[in-house]
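Colleague: First the structure, then my questions, so here it is.
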Amino acid sequence: MEQILDEVLPKDVENRKTLIVRCIFSIRNEYIKIYPEHTRLVEGAKEVLKTLREKKILVGIVTSQTIPADLVRLNLKRFNVESFVDTIVTFNDVPKRKPAPDGILECAKRLGVKTNECVVVGDAEADVQAGKAAGAKTIVVVGGVATRESLSKEKPDIILNNLQELTTILE
């Protein structure tokens, strides 16, 4: 976001750095306001999370979105899946966002597991990159923010057509 603002704001604007910081602050505040109403649960997510819980598999969410963990938790509660998630790591909790492995490493630490025992499930190239950089297995689900072709280029361990296929793999 800072890079975009840096590119679009004229270089001769007075107090340019301060203006960029204020813009970022305003954008984040507005995003936090609209986040709940625009959030949806991925089809099949509740069933998959329930299955993971039944199998006693720990679940962490790692998001690069600039929202506080308590807001993520509030949305999980709204969808009746909060009890299936053991920890949440957001942009605010780590020095670098995905594709850096920081979020995955922090999540594993909070869960008390080694990263080579983790599976990162995502829908973007950055999810695969972060998971691999952390030393975790990677699974991507087509239909999110990236195409099958772009996801394949990252060489995830498994590519799924939908999230429900994850329960089949666990069997």
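Colleague: So which helices (runs of 4 or more DSSP H) are wholly in segment 73-163 and hold at least 3 residues that are buried (at least 19 other Cβ atoms within 10 Å of the Cβ) and aliphatic (A, V, I, L, M)?
Modeller: Working: elements: 102-111, 125-134, 148-153.
Here the list reads 102-111, 125-134.
Colleague: Let me ask something else. All but one of (1) over 16 Å from Lys155 (Cα atoms); (2) touching a helix residue (DSSP H, G or I) at 6+ places or on another chain (Cβ under 7 Å) hold for Asp102, so report the exception by its number.
Modeller: Against the list (1) over 16 Å from Lys155 (Cα atoms); (2) touching a helix residue (DSSP H, G or I) at 6+ places or on another chain (Cβ under 7 Å), Asp102 comes up short only on (2).
Colleague: Quickly run through segment 58-72 and pick out the residues that are within 18 Å of Ile24 (Cα to Cα) and open to solvent by 50 Å² or more (accessible area, probe 1.4 Å).
Modeller: Listed by number, the list holds a single entry, Gln65.
Colleague: Can you list residue pairs whose Cβ atoms sit under 8 Å apart, with the first residue in segment 102-126 being more than 19 Å from Leu170 (Cα to Cα) and the second being in a strand (DSSP E or B) and among the small types (Gly, Ala, Ser)? Count only pairs 6 or more apart in sequence or on different chains.
Modeller: Correct list of pairs: Cys107/Gly60; Ala108/Gly60; Arg110/Gly60; Leu111/Gly60.
Colleague: Quick one: would you say Asn116 is of a type outside the set (A, V, I, L, M, F, W, C), within 13 Å of Val62 (Cα to Cα) and out of contact with any Phe, Trp or Tyr (no Cβ under 6 Å at 6 or more places or on another chain)?
Modeller: Working: of a type outside the set (A, V, I, L, M, F, W, C): yes; within 13 Å of Val62 (Cα to Cα): no; out of contact with any Phe, Trp or Tyr (no Cβ under 6 Å at 6 or more places or on another chain): yes.
It is false that Asn116 is of a type outside the set (A, V, I, L, M, F, W, C), within 13 Å of Val62 (Cα to Cα) and out of contact with any Phe, Trp or Tyr (no Cβ under 6 Å at 6 or more places or on another chain).
Colleague: Another one. Looking at segment 6-19, can you tell me whether even one residue there is touching a Ser or Thr at 6+ places or on another chain (Cβ under 8 Å), outside any loop (DSSP other than H, G, I, E, B) and surrounded by 13 or more Cβ atoms within 10 Å (Cβ to Cβ)?
Modeller: At the first step, the residues of segment 6-19 found to be touching a Ser or Thr at 6+ places or on another chain (Cβ under 8 Å) are none.
No, the conditions are met nowhere in segment 6-19.
Colleague: Sort through Pro95, Pro99, Pro68 and tell me the only one that's modelled with pLDDT of 90 or more, within 14 Å of the chain's Cα centre (by Cα) and not β-branched (Val, Ile, Thr).
Modeller: Values: Pro95 fails: within 14 Å of the chain's Cα centre (by Cα); Pro68 fails: modelled with pLDDT of 90 or more.
It is Pro99.
Colleague: Can you tell me which residue within segment 47-65, out of those that are assigned to a loop (DSSP other than H, G, I, E, B) and free of Cβ contacts under 8 Å to residues at least 40 places away in the same chain, is farthest from the chain's Cα centre (by Cα)? Explain how you work it out, then say what you get.
Modeller: Of all residues in segment 47-65, those assigned to a loop (DSSP other than H, G, I, E, B) come to 55-59, 63-65.
Next, only the ones that are free of Cβ contacts under 8 Å to residues at least 40 places away in the same chain stay: 56, 59, 65.
Working: Lys56: 22, Val59: 13, Gln65: 7 Å.
Of everything passing the filter in segment 47-65, Lys56 is farthest from the chain's Cα centre (by Cα).
The values are calculated or read from the model by the stated rules, or taken from the named source; none is laboratory data. Predicted, not measured: the structure shown is a model, and the values here were computed from it. Don't worry about glycine lacking a Cβ; one is built from the backbone with ideal geometry, like all the others, and counts go over all protein chains shown. All accessible areas refer to the heavy atoms of the entire protein, side chains included, with ligands and DNA or RNA removed. Shrake-Rupley method; radii C 1.70, N 1.55, O 1.52, S 1.80 Å.
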